[in-house]
Amino acid sequence: MPSICFYFQVHQPYRLKEYSFFDIGTDHYYFDDAKNREVLDKVSEKCYLPTNRLMLELIEKHQGKFKISYSISGVALEQFEAWRPDVLQSFIELANTGCVEFIAETYYHSLAYIFSKDEFQKQIEQHRQLIKKYFKQDPKVFRNTELQYNNELAKFIEDMGYDAIICEGVDRLLQDRSPNSIYKAPNTNRIKSLLKNYRLSDDIAFRFSDRNWSEWPLTAETYAKWVHAVAGHGETINLFMDYETFGEHQWAQSGIFEFLRYMPGHVLKHPDFTFKTVSETAAAYPIRDTYDAHQLISWADTERDLSAWLGNPMQDESIAKIYALEKDIYQSNDKELIDAWKKMLTSDHYYYMTTKFWADGDVHKYFSPYESPYDAYIYFMNAMSDLSNQLKKKAQPRLKKK
Amino acid sequence: MLARKKVLMFGWEFPPVISGGLGVATLGLCKAMAPLADVKMIIPKNVPDFNIPNIELVGLNSIGRKELEELFKKEIHYSFPEMSVKKGPSFGPYTRIAETEYIDKKFYDVFHGEVHPFEIDDLYAGDVIKKVIEFARISVQYCLRTKFDVIHAHDWMTFLPAMELKIRTGKPLVLHVHSTEFDRAGEHSKNWVWDLEKRAMALADRIIPVSRYTGDICVQHYGAEPNKIMPVHNGIEAVKHTVKKKPVEGNLVIFFGRVTMQKGPEYFVEAAKKVLAVHPDTKFVMAGSGDLLRPMIERTAAYGLGDKFFFTGFLNKKMLNELLAIADVYCMPSVSEPFGLSAVEAVQYGIPTIISKTSGVAEVLNGSLKIDVWDVNKFAQYIIASIDLKGLRKSVVSANDESLKSITWENCAQKVMGVYESIFDEE
């Protein structure tokens, strides 16, 4: 009885404004509210609202047979609450159907696992509280930022009490094995690793509207046929993708919504096939093999590694320096400073600094709000400089009192 | 395999005088072309001991009186003075009437005067237009006796003889555009030189601008046919690094080039003022001379920045290398820069570079910091960031190093050969 496990990533960062060197010391607000709101509005109209509406319809239509999972970052939820409560409400409605599961992640969609385990745990807890508050669920499955994953992380998450963890099914680690079973890391006991089937996921997320693709235009029937072909040699097909695939990356005109509307029905025509949430998937199948990831992997680019966020001197310097403020930030006990600092941990800031597009692809360029990676870095460093000055100022008077 | 082609080239500044200028570019290209074609290079003056291996250099100054008499036994009827004098009031639509008379007189004087051996001291000063006409008269007469497959002319000073020869022989004409009157003088540059450039572009079989940026200028401001245009970026020769100790405290931010409107020196001064407000230890060097030099000195004095600003005047190659050896940030805020070889020279010294978007070199130095020249605030921020932020410096320098690998004269020469082939393929 093979099943399909759909998981969608929903995330929006707090983009920094074009914070100039000349703003340091005079302007203590670093985020571009206007821009962030504009992006949120645009994506809400093009993707979140219409897709949520469709998901709700599909759930009602298939009477419990269509199930999905979401991972929504804390910073995205915060922005929904502030600016688009209608979107938040539509997610709550989905949660109320009982066919939707919410996944744990770091509140700030951060790289904290690499730089501070302490902060990493704090952010997961902060995110858990928020999911409980809005959706009345206690997540059992964890997903790290952009599917960053290795053996050590799997163990860490197991020790935190989670049942399963989500990761990319990387060819070089699978070595001809299928991603369509449950795996585990070699160093863990019971936590299950769910591997993304990147071929079938990317057929929707990346290739759907590509007119040079031999399968274009992809119909729901054809896709269901590919899915059905797994019968007999696989248990779960993990389709993980950005939620913005629907309506934002793949425009409505591409037919993506029609595809989504009819695909579940075609898949369910085969009596052996079902849809499961992440927890149900983990519970339904036993561990079949080990998946040995020593190095950190991710779902990004062709390398499936961390090179989009780390590695160039700007990324390495800015992230090292922001984490170096961790102790002082918490000691300041200043809610606003802590909040600003945490929002600056969001991985997108470092992604905007990538210089990889000089060699490969315009993907990063499209996703960056800045003119160049240098600008992304300069604004970040300026803002951090102001943050750090503020911290120093707060610390000094206290010393004097002593 | 095509037969080895005979290329008749016209150059002006030879041997090179100005760093990063026309002479450097022509020389670099010539050297790299030697293995690929037979190049005969016609230049105003040659100096003893200046030779390029496998290139035939003909300095007009070396054609003696006797040889001239021989050449001019039967002089051709030159097309341009005729067109200019007989067919109406102007050489082209933009040559002003007063200017037309003035230019006509020069043509008249040259073509009705005695032929004497060509002499020129300063290639860019004095009555350049008259020298250009004299150069055309003698070189056309000389070249009609030689054999060539293609004519290749570098910038407007050499366009007259190249056009005449194209008309006379029907051989293909390739214009190499290192700089246009539009770059030098801006939107209101329409004059005789501009007209000459426009006519040459209309007549040419191919136009090789030194960047896509310049190619666009040829199309938009000269009406050149886009399908004739095949941009070829310049190369650069490897340098032996000069080592020098910094004579002053603080970070050194440099500008070098002609101090003229085209190069945007005032943006440099305005950005410097903003930088100095927050980093008073920074020092600025403006190397070069030009008509805006005095106004710039006056402006920095008026701002009270005299002790932070160093004006060096014109620098030769050796002095320039010394400057590059001690510089921390390089700025090229050119309003319009066809290529900008000097930015590549700074890259060779591992200096972070801030260049204007309106420059050809911005097309090859992907990793440079790029500015709109009018955005002085951003310009100042980039200078500050280049000084303060190690990660930025490292990233800019390493990206530039990567770009440098493909900025070679060999690549340039290969592409120029491709341009010739595209003409012969058509025939």
Number of the exception - B:Gln414 against (1) part of a helix (DSSP H, G or I); (2) in the same structural domain as B:Ile354 (by TED's automatic domain parsing): (2)
Subset of region A:195-212 (residues that are part of a loop (DSSP other than H, G, I, E, B) and buried (at least 19 other Cβ atoms within 10 Å of the Cβ)): A:Asn197, A:Phe208
Residue in region A:213-225 that is open to solvent by 60 Å² or more (accessible area, probe 1.4 Å), within 15 Å of A:His266 (Cα to Cα) and assigned by TED's automatic domain parsing to the domain that holds A:Asn52 present: yes
Hits in region B:128-144 - residues which are of a type outside the set (A, V, I, L, M, F, W, C) and surrounded by fewer than 21 Cβ atoms within 10 Å (Cβ to Cβ): B:Lys130, B:Tyr142
Pairs where the first residue, in region B:145-159, is under 12 Å from B:Val174 (Cβ atoms) and the second is surrounded by fewer than 19 Cβ atoms within 10 Å (Cβ to Cβ) and modelled with pLDDT under 95, C-beta under 6 Å, 6+ apart: B:Asp149/B:Lys5
Selection from region B:168-187 of residues that are open to solvent by 20 Å² or more (accessible area, probe 1.4 Å), part of a helix (DSSP H, G or I) and not hydrophobic (A, V, I, L, M, F, W, C): B:Arg168, B:Thr169, B:Glu181, B:Arg184
Among the residues listed as B:Val364, B:Val373, the single one being within 14 Å of another protein chain (Cβ to nearest Cβ) and either in contact (Cβ under 8 Å) with a residue 60 or more places away in the chain or farther than 25 Å from B:Leu389 by Cα (or both): B:Val364
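In region B:277-301, how many are open to solvent by less than 20 Å² (accessible area, probe 1.4 Å), closer than 19 Å to B:Pro352 by Cα and not small (Gly, Ala, Ser)?
Summing the residues that are open to solvent by less than 20 Å² (accessible area, probe 1.4 Å), closer than 19 Å to B:Pro352 by Cα and not small (Gly, Ala, Ser) in region B:277-301 gives 4.
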Residue in region B:188-199 that is among the acidic types (Asp, Glu) and surrounded by 18 or more Cβ atoms within 10 Å (Cβ to Cβ) present: yes
When residues of region A:297-331 are limited to those that are closer than 30 Å to A:Ser388 by Cα and assigned to a loop (DSSP other than H, G, I, E, B), the one farthest from the chain's Cα centre (by Cα): A:Leu325
Single match in B:Leu404, B:Leu389 (criterion: more than 10 Å from chain A (Cβ to nearest Cβ) and either touching a helix residue (DSSP H, G or I) at 6+ places or on another chain (Cβ under 9 Å) or open to solvent by less than 10 Å² (accessible area, probe 1.4 Å) (or both)): B:Leu404
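Quick grid of which residues meet (1) surrounded by fewer than 20 Cβ atoms within 10 Å (Cβ to Cβ); (2) over 20 Å from A:Leu391 (Cα atoms):
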position	(1), (2)
A:Met1	yes, yes
A:Cys5	no, yes
A:His11	no, yes
A:Phe21	no, no
A:Tyr29	yes, no
A:Asp41	yes, yes
A:Cys47	no, yes
A:Thr51	no, yes
Count - residues of region B:110-127 that are within 27 Å of the chain's Cα centre (by Cα), open to solvent by 30 Å² or more (accessible area, probe 1.4 Å) and hydrophobic (A, V, I, L, M, F, W, C): 1
Single residue of B:Val58, B:Val24 found to be part of a strand (DSSP E or B), in contact with a helix residue (DSSP H, G or I) (Cβ under 9 Å, 6 or more places away or on another chain) and modelled with pLDDT under 95: B:Val58
Flag for A:Ile322 being open to solvent by less than 50 Å² (accessible area, probe 1.4 Å), within 14 Å of another protein chain (Cβ to nearest Cβ) and farther than 23 Å from A:Gly169 by Cα: yes
Conditions (1) surrounded by fewer than 21 Cβ atoms within 10 Å (Cβ to Cβ); (2) over 29 Å from B:His176 (Cα atoms): number failed by B:Tyr267: (1)
Pairs with Cβ under 6 Å, 6+ apart, first in region B:222-243 and part of a loop (DSSP other than H, G, I, E, B), second open to solvent by 90 Å² or more (accessible area, probe 1.4 Å): B:Pro231/B:Arg212; B:Val232/B:Lys415
Some residue of region B:309-321 being in contact with a helix residue (DSSP H, G or I) (Cβ under 9 Å, 6 or more places away or on another chain), of a type in the set (Ser, Thr, Tyr) and surrounded by fewer than 22 Cβ atoms within 10 Å (Cβ to Cβ): yes
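The values are calculated or read from the model by the stated rules, or taken from the named source; none is laboratory data. Bear in mind that the values here come from a model prediction, so they are computed numbers and not experimental data. Glycine gets a Cβ as well: all are built from the backbone with ideal geometry, and neighbour counts include every protein chain shown. Only protein heavy atoms, including side chains, enter the accessible area calculation; ligands, DNA and RNA are left aside. Shrake-Rupley method; radii C 1.70, N 1.55, O 1.52, S 1.80 Å.
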